[in-house]
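One structure is given below, encoded as structure tokens.
The values are calculated or read from the model by the stated rules, or taken from the named source; none is laboratory data. Quick caveat, the model's predicted, so the values are computed rather than measured. Cβ: placed from backbone, ideal geometry, glycine included. Neighbour counts: every protein chain shown. Accessible surface is based on the protein model in full, side chains and every heavy atom, while ligands, DNA and RNA are left aside. Shrake-Rupley method; radii C 1.70, N 1.55, O 1.52, S 1.80 Å.
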Amino acid sequence: MSYQPPIEYYQQPQRSGNRGLGAGITSIVAAVLSPIAAVVSIPLGIAAIASSISRYNQGNDAWWFGALILAGVAVLLALVAVVSGLIAVFRAGRMNAGRITGIIGLAIMAVNIFGIVLMVFLVLGSGQGF
């Protein structure tokens with residue numbers, strides 16, 4: 001008679017239900033920080049314009065660099081939010097904490113993008129521009 005291992009030997013270990021949770025949390029954090037970086041870059045851009053107009057402050061490019069860096073950070077955070085949200089949604093496999101946080105991060109980014117598009121249309125529709 002041959003040895004037969006117990007049935008537990010053949011069963012696969014149970015996976016935790018948190019697949020994609022880290023990516024979902026990253027998506028939410030990046031989606032919240034992205035508009036903050038964009039809003040902070042606006043006054044720096046205004047300061048850059050004021051600095052370039054001022055005759056007492058010729059050649060001061062620090063404001064421009066700050067505004068461009070923060071605008072770049074905002075774009076990078078937006079991309080991270082979308083990519084990590086998609087990773088969380090597809091990696092989760094079923095409706096669990098990972099998928100829910102991914103959906104929340106994507107929803108926040110959708111609201112951010114809708115707000116940007118709405119602002120652009122309002123500015124262009126007013127006929128006055130900036």
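Do we have LEU79 as within 29 Å of ASN18 (Cβ to Cβ), assigned to a helix (DSSP H, G or I) and without any contact (Cβ under 8 Å) to a residue 12 or more places away in the chain here? Give the derivation first.
On the way: within 29 Å of ASN18 (Cβ to Cβ): yes; assigned to a helix (DSSP H, G or I): yes; without any contact (Cβ under 8 Å) to a residue 12 or more places away in the chain: yes.
Spelling it out, LEU79 is indeed within 29 Å of ASN18 (Cβ to Cβ), assigned to a helix (DSSP H, G or I) and without any contact (Cβ under 8 Å) to a residue 12 or more places away in the chain.
Just one of (1) open to solvent by less than 60 Å² (accessible area, probe 1.4 Å); (2) under 22 Å from ILE46 (Cβ atoms) trips up VAL89, so point out which.
All conditions are met except number (2).
Which of the residues spanning the range 30-49 are crowded, with 16+ Cβ neighbours inside 10 Å and either farther than 16 Å from ILE116 by Cα or among the basic types (Lys, Arg) (or both)?
Answer for the range 30-49, where residues must be crowded, with 16+ Cβ neighbours inside 10 Å and either farther than 16 Å from ILE116 by Cα or among the basic types (Lys, Arg) (or both): ALA30, LEU44, GLY45, ALA47, ALA48.
Which one is modelled with the highest pLDDT, of the residues in the range 31-64 that are assigned to a helix (DSSP H, G or I) and aromatic (Phe, Trp, Tyr)?
Looking at the filtered set, the residue picked out is TRP64.
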